[in-house]
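Peer 1: What follows is a structure written as structure tokens; I'll ask about it next.
The values are calculated or read from the model by the stated rules, or taken from the named source; none is laboratory data. These numbers come from a predicted model, not from an experiment. No Cβ is skipped: glycine too gets one built from the backbone with ideal geometry, and neighbour counts run over all protein chains shown. Side chains included, ligands, DNA and RNA excluded: accessible areas come from the protein's heavy atoms. Shrake-Rupley method; radii C 1.70, N 1.55, O 1.52, S 1.80 Å.
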Amino acid sequence: RLREMEEKPKEGWSLTQRGTKLAQFPLHPRLSHMIYQAREVSDSFFRDACDLAAMLEEKELLKGGRVRHGVDLEARLDALQRPNLFPSVYHATRERVLLASKQLQNIAKLKRVITAREQDLAERKALSVLVAWAYPELIGTASRGGFQLENGSFGKLDNRDALNKSKHLAITTLTGPKIFWALPADPVVLSRYGIDIKDPRKHLVLGLEEEEGQTEEVEAQVEEGEGAEAVAAEAGAEAEVAAPVAFDHELLAVRRYLGEEFQALDSLDGIIEAMAGAPDKFEPKVLVSLLWDAARTDPISTEVVRRVFEEVVQPRLADFSGDQLCQVACAVAGTEVDSNNGLCDLAEAIAPKLDELPLDGEDGNLSALTWAMSAKGVQSEALTERLAERAIKELVAFEPKVLSDVREVCFWAFLRESADAWSNRERFQRMDVQFAYQGFYTKLGERVIERLADINPITCVYMMWTFSKGGVGDDALFAAIADRVGKAVQSLDRCGLTMFCWNYAFAQIENDRVYKICSKDTLRKARMAEMAPRDVSGVAWAYAKAGKIEDGKLIRGLSKHALGLLEDGIKQKCYRGPTKSLYRPVYEGDNSAVDAMVDSFDCMSLGDLLEGLVLWQHEDAELMRVAKEYVALGLRQPQKFRVNRQFVRNTGGFGRTLRGLAYYPGDHGGCREVLEAAAPLLMERMRSVRARDLVNFLFAWAMNKANEDMWLMLAFNDRIRYLLFEGKMDLEPKDVRTLKWAIAELQIGDDDVRRKLAELNAHDASPEELEEGETEGDEKGAEKEEEKEEK
């Protein structure tokens, strides 16, 4: 049934689609099939399968082995989950099993990795399904003092083994007639997962489109009574066996939480009614796990989540702990379920229990709760008040060593590693909601001003960042922080100083005093010496963005220091992997450094620096020459250095870097060498390039008249057409003018593109802007020609 290989005419043997999926797991194909099947059911079932697979790949977990503990795998799972209850556990073996399970879950990119998860009784009965998927031919039925296996073999247990009382076994290992490991199996439970105990090898293969015919076959067997009922009747279990039901994939995530008395239920209506009517049978922790499983299925079981939350959980909110309520909120927030009334009730219920929640973590925590309420737009006055109180308490008590420490207490910023576990963010993707709702910021700002004198200056700066990035411009708060931090600016670490001025520039809040204080402190010899590449970029960008470009001494100091950092980066080959790769003795003892090494320039930080220099209208020929050499070296690295080690980072920084290098060609040569190195990577990423970044790339190539690469020009043209005709070319008038000029300079685009460009942003542009747009491109070209003539 695994069908791992298939024969193709004239091509020989190759992996099937299923085989390719199974091959990602470093296991025997049987076990890979088992855990892939479980993954199609739910996340928690998948975790159980990983635990079981890791355990089956290892040696005996219990001292005394089968002689003392029998062959029941449940005893081994108990030892894995509750080792304190089993003094005879081989702890080294247990640790290897847990590590292997964790690795399997990580390979599958599970959003939340949990090993040794405890199951309730209903979930334990479903574990035989896992064994049946992996070893279907070893399903045994009690017969003549042993067990008759589906493959025709006959197996026996030791006379003292408790499993002798079972009517059916799911067996993993058989040597001769001797059964080594097994689990009791229930035909009715197996049938719910598409396994006919009469012919288990023909079980339903989940998540495989090619198996649609097989799906119909299994459903037909169950509907016609050829499944669990018939087999159980043959085994002598007529009266107590429930009638089989048709296979329902959506209910799989729910069924494994149903006790034996509810196994006959064959509809969501019946299951919900049973859950609501028997609260003692469904503890809060079971309902939390069920909601998570339903919310993480593919596709999401939206109706299951909605009805379980509204009809089962909401009437019992008082029974749930703060941690459980938070997890319920996150499970619901990660779906399309529209249940604001229910979430408002939940917010009122959890408000008195906030002290139970940690700031961060993979279980219930304040950051997760705030995200859930923000994602669903729920603003409870009682909860907002309690969240603000908790925030102030944490801000006042926290004593950071460096700026990044403060991320821990600012739980209303959701850009944190744990978000994969409790939000709907996919791995390596941006979150839709990154910061708390407006009402929380309003309440927090008022409280912070009252207690500002008690909050560490470094904490103040990072907290400002959460306001700036959250799009909250609180003038009163920023003015108060300017007075508080301005008096203690020298106590800030280098990152804190950079972010202090950066916050005002990004939030577009005027405060000349802040810029004067930061300029003076940056120019101190000791301070400038400790500035890392990201600090130099941040300060240069902030002053240029705020229009504070009259301070020539500051930009000359930053430019000179950046030149030295780039030269050191070339000597130390930091372009191979910018993260914590630049060493200088001054970073000894720096709490933000690792072994006296800080992050070197990558395309993100270098792009910020060059953008700042452009806005500042400052040209440093030697800095530009070294920057081009550094970038060219970085882009020529193999793929594993260029991307995996984060030299390029993203297309935004990549585009700003190339534009900055192209902006001032001067008399030290253009940047054709850099563009040639950049072209292959840009071709790879062209489909993800956004409008603003595309303008930067086109500007760089147009300034160098580098239109010889026909394939790149075609790719540019295709991307322009796509963004234009899909309505995704959302640009400011000045960017539209640059785009038009670059297209003309590179001689790309057709009449349709030019017509569409003429319409773009025309309604927003003034007559003066439109007239200026006709001449700006020509002026840039003329300036470049004059420079060449002078040379």
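Peer 1: Calculate, in whole percent, how much of the Cα-Cα pair population of the range 574-729 lies beyond 23 Å. Before the final figure, lay out each step's value.
Peer 2: On the way: 4776 of 12090 pairs.
Of all Cα-Cα distances in the range 574-729, 40 percent exceed 23 Å.
Peer 1: Now a separate question. 5 Å is the cut-off here: which amide hydrogens, built 1.01 Å from N in the peptide plane, fall below it relative to residue 89, excluding neighbours closer than 5 in sequence?
Peer 2: Under 5 Å from the amide H of residue 89: 63.
Peer 1: Same structure again: How about the chain: what cysteines have no other cysteine beta carbon under 4.7 Å from their own?
Peer 2: Cysteines lacking a close Cβ partner in the chain: 50, 326, 330, 344, 410, 460, 495, 574, 603, 671.
Peer 1: Out of the range 37-87, which trypsin sites (Lys or Arg not before Pro) are coil in DSSP terms and have no more than 14 other C-beta atoms within 10 Å?
Peer 2: Filter output for the range 37-87: 59, 63.
Peer 1: Between [x] 127, 95, 70; [y] 102, 72, 55; [z] 74, 64, 51, which matches Cα extents along the principal axes in Å calculated for the structure shown?
Peer 2: Here the calculated entry is [y].
Peer 1: May I ask for the distance between the Cα centers of the range 708-738 and the range 346-377, given as a whole number of Å?
Peer 2: Value for the Cα centre distance between the two parts: 43 Å.
Peer 1: If you don't mind, there's one more thing I want to ask. Which angle between 0 and 90 degrees, to the nearest 10, do you get for helix 284-295 versus the longest principal axis of the chain when only C-alpha atoms count?
Peer 2: Taking the Cα atoms of the chain, the angle to 284-295 is about 60 degrees.
Peer 1: For the chain, what is the charge dipole size about the Cα centre, in debye to the nearest 20, if Lys and Arg each add +1 at the Cβ and Asp and Glu each add -1 at the Cβ? Let's see the in-between values first.
Peer 2: Values: 105 positive and 134 negative charges, 672 e Å.
The calculation lands at about 3220 debye.
Peer 1: Using label points projected 7 Å from each Cα along Cα→Cβ, tell me how many nm separate residue 553 and residue 389, to one decimal.
Peer 2: 5.1 nm
Peer 1: Something else now. As I understand it, the value is the acute angle between the Cα axis of helix 268-277 and the longest principal axis of the Cα atoms of the chain; what does it come to in degrees, rounded to 10?
Peer 2: 80 degrees
Peer 1: Report residue 301's accessible area, 1.4 Å probe, all protein chains in place, as a number in Å² to the nearest 10.
Peer 2: Near enough 10 Å² of accessible area.
Peer 1: With a 1.4 Å probe and every protein chain left in place, tell me how much accessible area residue 381 has, in Å² to the nearest 10.
Peer 2: 120 Å²
Peer 1: If you don't mind, there's one more thing I want to ask. I need the phi-derived Karplus couplings for the range 623-637: 6.51 cos²θ - 1.76 cosθ + 1.60, θ = phi - 60°, integer Hz, Gly and Pro marked x.
Peer 2: Along the range 623-637, the couplings run 4, 5, 4, 5, 4, 5, 5, 4, 5, 4, 5, x, 6, 7, 5 Hz.
Peer 1: Let me ask something additional. For each pair in 125/198; 487/525; 59/198, compute the distance between the two Cα atoms and list the pairs where it is over 27 Å.
Peer 2: Details: 125/198 19 Å; 487/525 19 Å; 59/198 31 Å.
Long pairs (Cα-Cα over 27 Å): 59/198.
Peer 1: Mind checking the range 448-517 for chymotrypsin sites (Phe, Trp or Tyr not before Pro) that DSSP puts in a loop (not H, G, I, E or B) and that have at most 15 other Cβ atoms within 10 Å?
Peer 2: Working: sites: 462, 465, 467, 478, 500, 502, 504, 506, 515; in loops: none.
Hits after loop and neighbour filter: nothing returned.
Peer 1: Tell me which of 736, 710, 749 sits at the most positive position along the dipole axis of the range 696-752, charges placed on C-beta atoms (Lys, Arg +1; Asp, Glu -1).
Peer 2: Value: 736.
Peer 1: Also, quick follow-up: Go through the range 718-723 residue by residue and turn each phi into a ³J(HN,Hα) via Karplus (6.51, -1.76, 1.60, θ = phi - 60°); whole Hz please, and just put x for glycine and proline.
Peer 2: 5, 5, 4, 4, 4, 5
Peer 1: Under a 1.4 angstrom probe, counting protein chains only, how are 711, 701 ranked by accessible area, largest first? Walk me through the numbers on the way to the answer.
Peer 2: Values: 711 165, 701 10 Å².
Reading off the accessible areas and sorting them downward yields 711, 701.
Peer 1: Among 253, 27, 138, which residue has its Cα furthest toward the positive end of the charge dipole of the chain, with +1 on Lys/Arg Cβ and -1 on Asp/Glu Cβ?
Peer 2: The residue sitting most towards the positive pole is 27.
Peer 1: If you add up the charges near residue 357, with Lys and Arg at +1 and Asp and Glu at -1, over every other residue whose beta carbon is less than 11 angstrom from its beta carbon, what do you get?
Peer 2: Details: positive: 353, 386, 390; negative: 323, 355, 356, 360, 363.
Surrounding charge for residue 357 is -2.
Peer 1: Can you work out the Karplus-derived ³J(HN,Hα) for every residue in the range 351-362? Use 6.51 cos²θ - 1.76 cosθ + 1.60 with θ = phi - 60°, whole Hz, and x for glycine or proline.
Peer 2: 3, x, 9, 4, 5, 6, 8, x, 5, 8, x, 8
Peer 1: Around residue 179, which amide H atoms from residues at least 5 apart in sequence, or from another chain, sit under 5 Å from its own amide H, with H modelled in the peptide plane?
Peer 2: It is 156, by chain and number.
Peer 1: Give the ranking of 393, 628 by solvent-accessible surface, highest area first, calculated with a 1.4 Å probe. Let's see the in-between values first.
Peer 2: Details: 393 125, 628 20 Å².
I get 393, 628, largest accessible area first.
Peer 1: Longer than 21 Å from Cα to Cα, which of 401/571; 469/516; 516/545; 520/548; 545/571; 111/353 are they? Say none if no pair is.
Peer 2: Numbers: 401/571 31 Å; 469/516 23 Å; 516/545 15 Å; 520/548 13 Å; 545/571 31 Å; 111/353 26 Å.
Exceeds cut-off: 401/571; 469/516; 545/571; 111/353.
Peer 1: Express in Å², to the nearest 10, the accessible area of residue 28 obtained by rolling a 1.4 Å probe over the protein heavy atoms while all chains stay in place.
Peer 2: 100 Å²
Peer 1: Using C-alpha positions alone, give me the convex hull volume of the range 474-527 per residue in cubic angstrom.
Peer 2: Numbers: hull volume 3.6 nm³, N = 54.
Taking the convex hull of the Cα positions in the range 474-527, it is 67 Å³ per residue.
Peer 1: Another question, then. Where only protein heavy atoms count, and the probe is 1.4 Å, what is the accessible area per residue for the chain in Å²?
Peer 2: On the way: 34820 Å² over 791 residues.
Result: 44 Å² per residue.
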